[in-house]
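The values are calculated or read from the model by the stated rules, or taken from the named source; none is laboratory data. Just so you know, these numbers come straight off a predicted model, no measurement behind them. Here the Cβ is made from the backbone with ideal geometry for all residues, glycine too, and neighbour counts use every protein chain on show. Remember, those area values only see protein heavy atoms, side chains included, never the ligands or the DNA or RNA. Shrake-Rupley method; radii C 1.70, N 1.55, O 1.52, S 1.80 Å.
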Amino acid sequence: MLEFPHDTHTHTVYSDGIGSIADNIASAEEKGLKLLGITDHSHYVIGKTFNRYVREIRRWGEESEITVLAGVEGNITPNGVDVPDFAAEKLDYVIASVHEWLDTPEEYLELVKLALTDENVDVIGHFGANFPHIGFPSVEELREVLDLAEANGKAFEISSRYRVPELDFIRECIKRGVKLTFASDAHFPEGVGNVGWSEKAFKKAGGRKEDLLFEEFL
């Protein structure tokens, strides 16, 4: 059993997942989660289906005994994060992730810095997932990212899917008061709540409940 049972990064048929919002919630309930976030990809839901998407999350959330939050996973592009103000205002939180293929860690970090200064963004998704393919940044470059996160009140997810960020980065987040959250990045209901790696890394880094973004629901 998880000590901090939550999962703030899951997908449904509203984007590239295969289960419904109700399916994800049912799986979260079955696994004993206290908090579930539905975070479909912004480029799928911000448009004609957006209001229906939010309404459905709210409706099923009201019928559930666990806390269900409405979010999206936005894309960080060279022009910024593709989550407009009107959408962010109707959501509980916004994850921003790099999904573009890049050549260097410097390019990756420049995109992340854009998100860290975006008022609509709450969480940086799967930070560092690209590094094994494009190279690892220096300690100084990572420190600059942490400085921005600390100054702007942004959080990082600990992704069980990609097993990132690295332990030293998580430790530094905790040291600085940068909040963290657990993420399965599930694209099917059975994967919801599979955040064991996230919690293990969090606890190994010395994390406590007060270091989590949504501690009030846990």
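General observations
- Taking the range 13-88 and the helices (runs of 4 or more DSSP H) fully enclosed by it, the elements with 2 or more residues that are under 25 Å from residue 120 (Cα atoms) and open to solvent by 20 Å² or more (accessible area, probe 1.4 Å) are at 42-45, 50-63.
- With respect to the conditions (1) at pLDDT 95 or above; (2) more than 21 Å from residue 212 (Cα to Cα), residue 38 lacks only one, and its number is (2).
- Scanning the range 155-172 for residues being in contact with a strand residue (DSSP E or B) (Cβ under 6 Å, 6 or more places away or on another chain) and surrounded by fewer than 24 Cβ atoms within 10 Å (Cβ to Cβ) gives a total of 1.
- Condition check for residue 143: out of contact with any Asp or Glu (no Cβ under 7 Å at 6 or more places or on another chain) and either farther than 20 Å from residue 8 by Cα or aliphatic (A, V, I, L, M) (or both): yes
- Test set (1) open to solvent by 20 Å² or more (accessible area, probe 1.4 Å); (2) touching a His at 6+ places or on another chain (Cβ under 8 Å) - residue 110 fails condition number: (2)
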